[in-house]
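These notes concern the structure reproduced below.
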Amino acid sequence: MKETTAMEIQLSNPITINGSPSSSSSSSSTNPNPNPNSNPSPNPNPNPNPNSMQSWWESISRARSRIQALISILPPSSSSPLSLLADSDRPALSLLHSPAAFSAVSASLSGSGDDPLCQWLYDTHQSPDPDLRLVSLSFLPLLSGLYLSRVVSATSDFPQFPNLAGFEAVLLSVYSAEVKARAGKPVLVSVPDLSQPSLYHAPRARPPSPAALQSMPRIGVLSAPLEPQLAVKSTKRACIVAVALDCYYKHISHMPAHSKMEFCEFAAAWAGQNCSCPDELDRQCNDSSNGGNNIISFSSEIRDSDEEGDGEIEIEVVGEEFGRLEIGGENSKKANGNEHGVEPAQETSSPRGSRIPLPWELFQPVLRIVGHCLLAPLNSQEVKDAASMAVRRLYARAMHDILPQAILGTRSLIQLDKRARLAAKVSANSASNANTPTKPKKPEILLVSK
């Protein structure tokens, strides 16, 4: 009788090992959860490690070890300011937002296969800590800018192709991570159909049949499925760099200002510094506001020459207009205007890179990043000025290469930039006028005759 009582007590009180019920408790009739695979008390904390303090300390230790590894690589003169970053409460974020660390890496980065800085960036990107991965992604503008510029500069003057295996290893690491994340699926986007009604509009002409209302929305392919790559081939170079820049754009809200400015400077250099028409759209807008549109005058000149039957004049007019898009000619030696509010020091600064081929697959992430730097409200004015200069040079490059998609995108960004600057100027003037003291007006006296 005593043994039976002991067994009943044991079944009613299941044994727990390390806080989880044993197999005997799962088969007991007193268990309210009939599914043995489900957890009867789910942990609301998504962190698999129950000890959050231990995981926090492991993250700090991992970040401090990466900072110490970076200090051992850099020269003593450049690494002395970085020793204070390891003692902060959040060393990974301190390293991310440190302009001194960015400048030190930029000055010592070579990109060769035995470059220890490229190895450090590769290992940092493989870290499980998301803040450390942000640190590696913040150097992508520098890596991609130097890499593409040096690849293009390898001409007949340099018979041996430069050793850029370090750059390629980091770019392939970012590309491989994106291939794994997409899992062989394309990036799709829903294209709105204006013939279908929505919450914001009603179509002008109603669809002919009710079946048209139930038609599926059109789907556009933003990015095709990615293929795994073991090396950076010349035919896949633009695609690999574009995917890396797309990863940078996904985390651009966490990127520091110096990283965004670095990208804008490289984007302006990629478009080409020796072009005379970055401010052509600004001049056209100013002329149209004064009543003289260049496009209308240009078309009227051609029409007049057509009516007169003088073909030579027409050819000269067309040649002059297209001569504005010339790169490397006499027009390229003229100074560009400063009508869009960019500081002259940024325009005359030495270019960080060189002019490179810009296919549409590489133009797309460049436009997204420059658009964020230009229009995001939390960006500093220096970032917006650098993006304003970059988007105008990209517009000139798109006009020169005759890329309709790029022309439409860059032109829209320039118009939005002009409107934002005009609105900021109007608000500043209104605020200054509101603070200006004015004399009180005398009350008006109206004389009424009886």
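The values are calculated or read from the model by the stated rules, or taken from the named source; none is laboratory data. Treat the numbers as computed from the prediction; the structure is a model and nothing was measured. Counting neighbours? That spans all protein chains shown, and the Cβs are built from the backbone with ideal geometry, glycine included.
Quick one: in region 99-133, of everything that is outside any loop (DSSP other than H, G, I, E, B) and among the aliphatic types (A, V, I, L, M), which residue is farthest from LEU171 (Cα to Cα)?
That would be ALA100.
Listed here are the residues, each with its yes/no results for (1) aliphatic (A, V, I, L, M); (2) within 16 Å of the chain's Cα centre (by Cα); (3) at negative phi; (4) not assigned by TED's automatic domain parsing to the domain that holds VAL152.
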| position | (1), (2), (3), (4) |
| --- | --- |
| ALA224 | yes, no, yes, no |
| LEU230 | yes, no, yes, no |
| THR235 | no, no, yes, no |
| CYS247 | no, yes, yes, no |
| LYS260 | no, yes, yes, no |
| PHE266 | no, yes, yes, no |
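Of all residues in region 387-406, which are of a type in the set (Val, Ile, Thr) and part of a helix (DSSP H, G or I)?
To start, the set of residues in region 387-406 that are of a type in the set (Val, Ile, Thr) comprises 391, 402.
Correct list: VAL391 only.
Every residue, every condition in (1) closer than 23 Å to LEU358 by Cβ; (2) among the polar types (S, T, N, Q); (3) at pLDDT 75 or above, yes or no:
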site: PHE158; (1), (2), (3): yes, no, no
site: VAL174; (1), (2), (3): yes, no, yes
site: ALA181; (1), (2), (3): no, no, yes
site: PRO186; (1), (2), (3): yes, no, yes
site: ARG204; (1), (2), (3): no, no, no
site: SER209; (1), (2), (3): no, yes, no
site: LEU226; (1), (2), (3): yes, no, yes
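Testing ARG419 on (1) farther than 21 Å from GLY371 by Cβ; (2) at pLDDT 85 or above, one condition comes back false. Which one is that?
(1)
Quick one: count up the residues across region 81-98 that are at pLDDT below 90, assigned to a helix (DSSP H, G or I) and among the hydroxyl-bearing types (Ser, Thr, Tyr).
Number satisfying all stated conditions: 1.
Could you check how many residues of region 70-92 are surrounded by 15 or more Cβ atoms within 10 Å (Cβ to Cβ) and closer than 19 Å to GLN119 by Cα?
8
Going by what's in this entry, would SER173 be described as in a helix (DSSP H, G or I) and hydroxyl-bearing (Ser, Thr, Tyr)?
yes
Restricting attention to region 255-267, does a residue exist that is among the aliphatic types (A, V, I, L, M), touching a residue at least 60 places away in the same chain (Cβ under 8 Å), closer than 24 Å to LEU132 by Cβ and surrounded by fewer than 20 Cβ atoms within 10 Å (Cβ to Cβ)?
Yes: one or more hits.
Filter region 368-420 down to the residues that are over 21 Å from ASP246 (Cα atoms) and touching a Ser or Thr at 6+ places or on another chain (Cβ under 6 Å) and list them by number.
ASP417
List every residue pair whose Cβ atoms sit under 7 Å apart, with the two residues 6 or more apart in sequence or on different chains, where the first one lies in region 58-72 and is in a helix (DSSP H, G or I) and the second, anywhere, is surrounded by fewer than 18 Cβ atoms within 10 Å (Cβ to Cβ).
SER59/ASP129; ARG62/ASP129; ALA63/ASP129; ILE71/SER83
Among the candidates PRO44, PRO34, PRO21, which residue alone is buried (at least 16 other Cβ atoms within 10 Å of the Cβ), at pLDDT below 80 and not assigned by TED's automatic domain parsing to the domain that holds LEU134?
Answer to the selection: PRO21.
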